[in-house]
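Take a look at the structure below.
FYI, it's all coordinate maths here, none of it is from the lab. The structure presented is a predicted model; accordingly, all values stated were derived computationally and were not measured. For neighbour counting, all protein chains shown are included, and Cβ atoms are generated from backbone atoms with ideal geometry for every residue, glycine included.
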């Protein structure tokens, strides 16, 4: 990448689950870093589908810290500098699962709904500046957080990561809210054609408690082997 794009790459390691979020600013070189583009994509999902009692103890608060509080903390650190320079791009990654409340996955969709709402307010607050703020709400992408491997992508229901990234990057700065790719736009349009009551009845029973629960269980079993 350095030779192809004639750029320098610097990396820093931070555990958003176990480390104190207030110490992000202490990462080497962070205080002097002029950030032009911030992609807020830190997150974890549940390793099991079930109600709050059936899930591992503490997983809910862990998801909130990693998936939501990390996003807000990075904005608190980066956004003031962007506002002062009156330039910059922010992309917050939410999820289509945050579209409505869904049982048996309670905490993860809730954090993504919060990110969507939070981003929407920032768009209004900074609409008279040159900052570009966007929220992406993808459906299933073949990544570990969704319990999919890249080979599992079918191109419609589950999108391959590079395909999603290639389409999503073209939307940066153009739309404040987007699914990020055509396949997920199509899914969102179809979901909006039916009432949420019917969608919830079918999606929870057939997908969350059916296909996806089996997928998550099998994925975790493979990880443990």
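Shape class for the stretch 96-208: oblate, because the ratio a/c of the largest to smallest gyration tensor axis (alpha-carbon atoms, square roots of eigenvalues) is 1.5 or more and b/c is at least a/b. Rg over Rh for the stretch 56-130 works out to 1.05, using Cα positions for both radii and the Kirkwood form for Rh. Legend: calculated FRET efficiency, residue 12 to residue 37, from the Cβ-Cβ distance at R0 = 22 Å, rounded to 0.05, equals 0.85. The modelled label-to-label distance for the pair residue 166/residue 83, using points 7 Å beyond Cα in the direction of Cβ, is 3.8 nm. Assuming a ≥ b ≥ c are the square roots of the Cα gyration tensor eigenvalues, decide whether the chain counts as rounded (a/c under 1.5), prolate (otherwise, with a/b larger than b/c) or oblate. Prolate. For residue 175 and residue 205, the FRET efficiency from 1/(1 + (r/R0)^6), where r spans their Cβ atoms and R0 equals 35 Å, is about 0.60.
By the helix-only formula, in which each DSSP H run with n ≥ 4 contributes -39500 (n - 2.57) and the sum is divided by residues, the chain has a 222 nm mean residue ellipticity of -11000 deg cm²/dmol.
Summarising the label geometry, the points placed 7 Å from Cα in the beta-carbon direction at residue 2 and residue 23 lie 2.8 nm from one another.
What is the distance in Å between the Cα centroid of the stretch 82-99 and that of the stretch 27-79? If we compute the Cα centre of each part, the gap is 14 Å. A protection proxy built from the mean count of other Cβ atoms within 10 Å ranks the segments 147-156, 49-58, 85-94, most packed first, as 85-94, 147-156, 49-58. A Förster radius of 25 Å combined with the Cβ-Cβ distance from residue 217 to residue 64 puts the calculated FRET efficiency at roughly 0.60. Shape class of the stretch 1-61 from the Cα gyration tensor (axes a ≥ b ≥ c, square roots of the eigenvalues): prolate, since a/c reaches 1.5 or more and a/b is larger than b/c.
According to a simple spin-label model (label point 7 Å from Cα along Cα-to-Cβ), what is the distance in nm between residue 195 and residue 76? Between residue 76 and residue 195, the label points sit 4.3 nm apart.
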